[in-house]
Amino acid sequence: MSDRSKYPNFTIDWSKYPNFTEAEFRCHCGCGRADMDPDFMALLQSLRSELAVPLGINSGFRCPDHNAAVSSTGRTGPHTTGKAADIHADSRVAFLLVKTALRRGVARFGLGKTFVHLDTSDAHPKNRAWTY
């Protein structure tokens, strides 16, 4: 469990997202943070509910240090804002996920062989898709 006293802006109520757990979204560096944006989490939950398929999280929140170590976006990428997730998806689920997210206004996608990156970052250009 994360040390909430160390991160006073941590206010997410995980019980609002019954198909996800805080542990899935914790930074992989071991800092324990899972500071996801509640609006982004509501979007993920609504996508999960509509698609009625499991959406496993490969990567959720990343602290700035960890993001700088693993991403070309450095210390300020969308994962550092809690407005991004890499979701495990085969080709069928990836297609359905992107199609449904587009209808919901998501305008940033990254497509990997086994995952889809979704984000709602305000700090990065909209209407973008890329591959890994």
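Any chance the range 81-100 includes a residue that's basic (Lys, Arg) and more than 17 Å from Trp14 (Cβ to Cβ)?
Yes, that holds for at least one residue.
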Residues of the range 25-60 satisfying the condition of being within 19 Å of Ala101 (Cβ to Cβ) and assigned to a loop (DSSP other than H, G, I, E, B): Met36, Asp37, Ala52, Val53, Pro54, Leu55, Gly56, Gly60
Residue count, the range 69-84 (criterion: buried (at least 17 other Cβ atoms within 10 Å of the Cβ) and hydrophobic (A, V, I, L, M, F, W, C)): 1
Filtered residues of the range 95-132 (kept if of a type in the set (A, V, I, L, M) and over 21 Å from Met36 (Cβ atoms)): Leu96, Leu102, Leu111, Ala129
Top-ranked residue in the range 46-68 [being out of contact with any Lys or Arg (no Cβ under 8 Å at 6 or more places or on another chain), under 16 Å from Arg33 (Cα atoms) and not hydroxyl-bearing (Ser, Thr, Tyr); ranked as surrounded by the most Cβ atoms within 10 Å (Cβ to Cβ)]: Arg62
Selection within the range 92-132 - among the small types (Gly, Ala, Ser) and closer than 27 Å to Ala23 by Cβ: Ala94, Ala101, Gly110, Gly112, Ser121, Ala123
Residues located in the range 12-28, provided they are under 19 Å from Pro78 (Cβ atoms) and either among the basic types (Lys, Arg) or surrounded by fewer than 15 Cβ atoms within 10 Å (Cβ to Cβ) (or both): Arg26, His28
Residues that are of a type in the set (A, V, I, L, M, F, W, C), in contact (Cβ under 8 Å) with a residue 40 or more places away in the chain, in a loop (DSSP other than H, G, I, E, B) and buried (at least 16 other Cβ atoms within 10 Å of the Cβ), drawn from the range 85-132: Val106
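Only the coordinates and a few stated rules stand behind these numbers; no lab work does. Note that the structure is a prediction, hence the values are computed from the model and not measured. Every residue, glycine as well, gets a Cβ built from its backbone with ideal geometry; the counts of neighbours run over all protein chains shown.
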